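The values are calculated or read from the model by the stated rules, or taken from the named source; none is laboratory data. From a predicted model like this one, the values you see are computed outputs, not experimental measurements. Here the Cβ is made from the backbone with ideal geometry for all residues, glycine too, and neighbour counts use every protein chain on show. The area values use the complete protein model at the heavy-atom level, side chains included, leaving out ligands, DNA and RNA. Shrake-Rupley method; radii C 1.70, N 1.55, O 1.52, S 1.80 Å.
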Amino acid sequence: MTTHEPAPTADSSTDTSADSAPRWSRYVALGDSFSEGLWDPYPYDDGSPAPAGTESDAKQRGWADRLADALSARRTAAGQAPLEYANLAIRGRLLRPILDEQVDVALAAQPDLVSLVGGGNDILRPQADIDVLSARLEEEVAKLRAAGIDVLLGTGFKAGPGLSWTRGRVGQYNANLWSVARRHGAFVLDLWGLNPLFDLRMWSDDRIHLTPEGHRRVADAALVGLGLEPDDPDFAVQLDPLPPQAFVARARANAQWARTHVVPWVQRRIRHTSSGDGRQPKWPTPAATWPPER
């Protein structure tokens, strides 16, 4: 297996400070709904705000889109051409389909940066073999790195109420992922260590997808993972704690969450269907503006 030199970091000889243009000129995001972006709509084309916290008919954005915005803004501020960006992520995808369907498309686009964040949907399935999935991930990371592409991987996060049973499996996946990153010189977006994510205010009602504030903080964490300064130096600061919730109110909220989000998820598993069935990538071709109709 080919071993690559570690990717440059903020204290390396490569200048990746916020005062210089990021060296990447074409970025492609791969993954599932976490990278596709949900519950964070762009304003409508006429500038009016789309309903917050809903899947409206406005284009949805996420941390990857916000990361692309930040990288492009820094390039143009330094007098460089805007970043070209594509997002191939599709909600509901398991890791193997992400790798099988998206990596070769990304390679054909000839980017110099790819984010590859997936595996969360697999971890929710107890029968998934984390080590086998990690080995498959490593094969595709090696392929991307052999093409001279920088790769940003993302760890799993600490799940909150209702999903805390996944933490052991996430920890195993994260340990494997850090090893893959070290062997192949990939960057890492450390979601496990981003403490504000352990706050329900960072998450939408389904407790799986981020709010706009959550996406903003993850985009800053991605900048840091790439060896750059964040836009907000306080992005990793924990929010003031919420007042304790009474047991009855907490139980009602959990029951409502189960009815609204868990039951439909289970029903899709029984029917062997996915929320992403029939969907196409939202921005399949690298472009210097996004969303395309904006």
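Quick notes
- In region 207-237, residue surrounded by the fewest Cβ atoms within 10 Å (Cβ to Cβ) [restricted to those that are in a loop (DSSP other than H, G, I, E, B) and of a type in the set (D, E, K, R)]: D234
- Number of residues in region 177-206 that are part of a helix (DSSP H, G or I) and open to solvent by 40 Å² or more (accessible area, probe 1.4 Å) equals 7.
- Scanning region 28-40 finds one or more residues that are modelled with pLDDT under 80, open to solvent by 40 Å² or more (accessible area, probe 1.4 Å) and assigned to a loop (DSSP other than H, G, I, E, B).
- Among residues of region 99-127 that are closer than 16 Å to L152 by Cα and among the charged types (D, E, K, R), those with a Cβ under 8 angstrom from a residue that is in a loop (DSSP other than H, G, I, E, B) and open to solvent by 10 Å² or more (accessible area, probe 1.4 Å), sequence gap 6+ or separate chain, pair up as D112/R23; D112/S25; D112/G148.
- Residues located in region 77-127, provided they are open to solvent by less than 40 Å² (accessible area, probe 1.4 Å), assigned to a strand (DSSP E or B) and not hydrophobic (A, V, I, L, M, F, W, C): Y85, N87, S115
- You will find that of R66, R74, the residue that is more than 18 Å from the chain's Cα centre (by Cα) and surrounded by 17 or more Cβ atoms within 10 Å (Cβ to Cβ) is R74 and no other.
- Condition met for V180 (of a type in the set (A, V, I, L, M, F, W, C) and within 30 Å of A236 (Cα to Cα)): yes
- Hey, A21 at negative phi, out of contact with any Leu (no Cβ under 8 Å at 6 or more places or on another chain), assigned to a helix (DSSP H, G or I) and at pLDDT 80 or above or not: no
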